[in-house]
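The block underneath contains the structure these notes are about, expressed in structure tokens.
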């Protein structure tokens, strides 16, 4: 059997999955940021015409996967699987959005790393010949996340300087085994890393060590350097986490200063929008990938991208019990066709 596993954590896809289509749906705050023109659909109504924030998030997912399917000229019946999850308890945002679709579904919980996790698992399924076409999808909604993890919006709680703003958005990517286009070539499976951070309003510091661990493993396992990629993007560490990754990777001998960005900083204007350290939530990296990063690659700006989704694996209960916050980071390598 041909070995596709390298080092402790990394994979090479000999049959490279193709990104058949991708779509992004966001709310009005995201449309006020610097990436406004790159999203497929913007809703000025944060409730998306629904009676609750949770229903709004499910509806947002429906809009997103309908767009992705339309772009690929596919129906839901032509997918062999969907890898999806969100931040809500028991991932109800995803399960309710798909409950009438009769599609094979893998429910995931990787917190804000869910988009990268879905892409990684979907790529394994397609590359291994177990599925012909799959979808990776996730979402988050500011109001539904605030209600679950922090306080109801009417409470008017004060946000700390290290806090981040949960993105209202959904992203979906359809992967297939045939065709031409952007290809998913490698992946690195993240490990659970706990840096001892207990402040639920400081996600950047909690997730940065996991991002560093995965980046280090990716480069070591595959004998690569940061310069082998046109762009390396984490999501969503925000300003503080971004600075920590630069510093910690520098201590390991890696210089990321020329080609590193973070989705939490890209999606909002940190000077003009009141988001403190930047964006967060499953939807942050998902819509930045599907609405900005892949478009830039398609237009020829970059030939290679390392997309690293970061997630803080906390719950309201674990925070109330005073536990520290474990985190994970999954990475996937995406290249343009001519790089194959």
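The values are calculated or read from the model by the stated rules, or taken from the named source; none is laboratory data. What you see is a predicted model, and the numbers here were worked out from it, not measured in a lab. Cβ atoms come from the backbone with ideal geometry, glycine included; neighbour counts cover every protein chain shown.
Miscellaneous remarks
- Candidates are the residues of segment 64-90 that are out of contact with any helix residue (DSSP H, G or I) (no Cβ under 8 Å at 6 or more places or on another chain) and surrounded by fewer than 20 Cβ atoms within 10 Å (Cβ to Cβ); the one that is modelled with the lowest pLDDT is 90.
- Checking every residue in segment 272-282 against the condition of being touching a residue at least 60 places away in the same chain (Cβ under 8 Å) and in a helix (DSSP H, G or I) gives at least one match.
- Strands (runs of 3 or more DSSP E) wholly inside segment 100-198 containing at least 1 residues that are buried (at least 22 other Cβ atoms within 10 Å of the Cβ) and free of Cβ contacts under 8 Å to residues at least 60 places away in the same chain: 133-140
- Condition check for residue 97: surrounded by 23 or more Cβ atoms within 10 Å (Cβ to Cβ) and within 12 Å of the chain's Cα centre (by Cα): no
- Qualifying position, being modelled with pLDDT of 95 or more, outside the structural domain of residue 127 (by TED's automatic domain parsing), under 20 Å from residue 164 (Cβ atoms) and surrounded by 22 or more Cβ atoms within 10 Å (Cβ to Cβ), among 265, 249: 265
- The set of residues in segment 240-271 that are in contact with a helix residue (DSSP H, G or I) (Cβ under 9 Å, 6 or more places away or on another chain), farther than 24 Å from residue 144 by Cβ, in contact (Cβ under 8 Å) with a residue 12 or more places away in the chain and in a helix (DSSP H, G or I) comprises 240, 242, 244, 245, 248, 249.
- Among the candidates 26, 82, residue that is under 20 Å from residue 146 (Cβ atoms) and either in contact (Cβ under 8 Å) with a residue 24 or more places away in the chain or not assigned by TED's automatic domain parsing to the domain that holds residue 127 (or both): 26
- Residues being out of contact with any helix residue (DSSP H, G or I) (no Cβ under 9 Å at 6 or more places or on another chain) and free of Cβ contacts under 8 Å to residues at least 24 places away in the same chain - total across segment 214-239: 1
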